[in-house]
Amino acid sequence: MAKLTADFGACQGYANCVVAADDVYDIDDDGIVVLLKEHIEESDRARVEEAARSCPVNALQVVDG
Amino acid sequence: MADQTAVFEAVREGMIPAHVYNDREIFELERDRLFNRSWMFLAHESEIPDVGDYVVRHVLEDSFIVTRDNKGEVRVMFNMCLHRGMQVCRAEMGNASNFRCPYHGWSYRNDGRILGLPFHQEAYGGEEGFKKKGQTLLPAPSMDTYNGLIFISLDPDAEPLEDFLGDFKFYLDYYTKQSADGVEVRGPQRWRVKANWKIGAENFAGDMYHTPQTHTSVVEIGLFREPKAEKRKDGNTYWATSGGGTTYKLPPGTLEERLAYVGYPAEMIERMKESWSQDQLDVIGRDGFMISAASIFPNISLVHNWPKVEDTDSDEVLPFISLRQWQPISENETEVLSWFIVDKNAPEEFKALSYKAYLMCFGSTGMFEQDDVENWVSLTNTAAGSMARRLHLNSRMGMKMDGSEVVPALTKEQFAGPGKAYVGYGEYSQRNLLSKWADYLEREPEPAKGISLGGAIRGEQGRTSCSEEQNR
Ligand code: FES
Ligand SMILES: [Fe+2]
């Protein structure tokens, strides 16, 4: 399993992560990222990491655990 | 702008000033007064079967995204970013839950709502500066569907699509509702011809007269079972509210025999009997007419024909259906979009052969297509000159000098379809199409209401909306 984290203060509401993986990330009415899951399967890690990397302000991470 | 009253008067008399087929001013009138308000076809629902599917289509220069949103609803949205106007979706088709603008990165959900707006807080001061809640890509001013055909109108007060289509729905069902589940489409093939868009629309609406001449070779090589193209004059042409078309006269027989004669398998005939009204069945079974080409005002055409698809010794024929749009590019260029249509419940083998029949006859490589276009390009070129400004083309076939009919209209006992139908050659449909055209072009345009986004403009707080009743 891998764990998802977000720096909610850094998020600027680009929503690139939502475009890349809308089953994992969403955006609330204030334009701040919402994590729809806390953990993801290892098998899904590559795809979600790519979505996290698409964040222009580096607000998202996928970490072990 | 020149006064075109004389043009409209002549057209209503069945006399067509030749320059209308290649005239910049006329084209601009068509853009502002016709295409800006008429119902326009964009796509068929079967092109976007799954959630997230989309196609991008045009009404002249205006680009629209036709999507199936995450709730499964069909939406049509103007493909222009609310920020600085960049085209939001640049692919022609695909599947996406969201669209991101390449310019500054605003993104939109597939129902049009703004999803991401970078630095909303810092750059705009959040909602107080730019209200993004409830903002959507502009929905098409009017949108509706019939038998899965998705239409829009740029006129927010357009009459309901059902009323616009009116009695033509009766005929449209033959092409698009052969069973309860409707049809699926393939395509479109898309290509451009250097011809005015009206020529094709008029041709499909009622020109049975050109078949023996223009398409002689297609008949001679044995693509059709009918030995002589003159057979066309035994069919009728009809006009009903927004469209008209041509039919072939069938040999004697029952409804089932006649549908089998044009190549429909028994199981498809059974489903037609369940989906069509008694009048719709009577046109074929009782009156012996089979629909062929047709046009819906202003720029959609349909065709139904039954060529031989196997070796020419056999008399086996197979029917195909096709829908096309004459998308105007300019006064002398048209983009043709051509779809293959087939009943969803047809056997797979039928679908495959029917597709083959379509490709042989129409589409960018079709034999009929090649014959027709040569005429239309040449006509368009000639219509640009000075002499064409003096010539009124006679489009009065079927009508005597005093306006009386050459042959009487068919009675309800002779033809169960609505509208007016006449056996034999005549330019009834072409006249109806162009009279409607004149009606639209004559009417002054109403100024379109401006929509301002998220800011206060002279007291009016503009915003687009994504309310439930929109797009319904
Ligand atoms: S124009 Fe689309 S984000 Fe700026
Ligand atoms: Fe033709």
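Quick look at the values:
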{"read-out": "Output for the range A:13-30, where each listed residue is small (Gly, Ala, Ser) and at the interface with another protein chain (Cβ under 8 Å from one of its Cβ atoms)", "value": "A:Gly13, A:Ala15"}
{"read-out": "Any chance B:Asp167 is closer than 25 Å to B:Gly398 by Cβ, away from ligand 1 (no atom under 16 Å from the Cβ), open to solvent by 40 Å² or more (accessible area, probe 1.4 Å) and modelled with pLDDT of 95 or more", "value": "yes"}
{"read-out": "Residue list for the range B:47-77, filter: open to solvent by 50 Å² or more (accessible area, probe 1.4 Å) and closer than 17 Å to B:Ser153 by Cα", "value": "B:His58, B:Glu61, B:Asp62"}
{"read-out": "Residues (among the polar types (S, T, N, Q), under 28 Å from B:Val56 (Cβ atoms) and at the interface with chain A (Cβ under 9 Å from one of its Cβ atoms)) located in the range B:99-134", "value": "B:Ser107"}
{"read-out": "Output for the range B:367-377, where each listed residue is open to solvent by less than 50 Å² (accessible area, probe 1.4 Å) and either outside the structural domain of B:Leu323 (by TED's automatic domain parsing) or closer than 20 Å to B:Gly206 by Cβ (or both)", "value": "B:Phe368, B:Glu369, B:Asp371, B:Asp372, B:Val373, B:Trp376"}
{"read-out": "Residue satisfying condition, being in contact with a strand residue (DSSP E or B) (Cβ under 7 Å, 6 or more places away or on another chain) and farther than 30 Å from B:Asp23 by Cα, within set B:Ser217, B:Ser179", "value": "B:Ser179"}
{"read-out": "Elements of type strands (runs of 3 or more DSSP E) in chain A, at least 3 residues being open to solvent by 30 Å² or more (accessible area, probe 1.4 Å)", "value": "A:60-64"}
{"read-out": "Some residue of the range B:358-378 being touching a Gly at 6+ places or on another chain (Cβ under 9 Å) and β-branched (Val, Ile, Thr)", "value": "yes"}
{"read-out": "Only listed residue being within 25 Å of B:Asn95 (Cα to Cα) and away from chain B (no Cβ under 11 Å), chosen from A:Ala59, A:Ala46, A:Ala10", "value": "A:Ala46"}
{"read-out": "Total residues in the range B:52-82, condition farther than 11 Å from B:Leu137 by Cβ and more than 25 Å from the chain's Cα centre (by Cα)", "value": "2"}
{"read-out": "In the range B:338-366, residue surrounded by the fewest Cβ atoms within 10 Å (Cβ to Cβ) [restricted to those that are touching a residue at least 40 places away in the same chain (Cβ under 8 Å) and of a type in the set (Val, Ile, Thr)]", "value": "B:Val342"}
{"read-out": "B:Val88 vs. criteria at pLDDT 95 or above and within 18 Å of the chain's Cα centre (by Cα)", "value": "no"}
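Matching residues to (1) on the phi < 0 side of the Ramachandran plot; (2) open to solvent by 30 Å² or more (accessible area, probe 1.4 Å); (3) touching a residue at least 40 places away in the same chain (Cβ under 8 Å); (4) part of a loop (DSSP other than H, G, I, E, B):
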position: B:Leu172; (1), (2), (3), (4): yes, no, yes, no
position: B:Val185; (1), (2), (3), (4): yes, no, yes, no
position: B:Gln189; (1), (2), (3), (4): yes, yes, yes, no
position: B:Thr246; (1), (2), (3), (4): yes, no, yes, no
position: B:Leu259; (1), (2), (3), (4): yes, no, no, no
position: B:Glu274; (1), (2), (3), (4): yes, yes, yes, no
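The values are calculated or read from the model by the stated rules, or taken from the named source; none is laboratory data. As the structure is a prediction and not an experimental result, all values here were calculated from the model. Quick reminder, even Gly has a Cβ in these numbers, built from the backbone with ideal geometry, and neighbours come from all protein chains shown. Heavy atoms of the whole protein, side chains included, go into the accessibility calculation; ligands, DNA and RNA do not. Shrake-Rupley method; radii C 1.70, N 1.55, O 1.52, S 1.80 Å.
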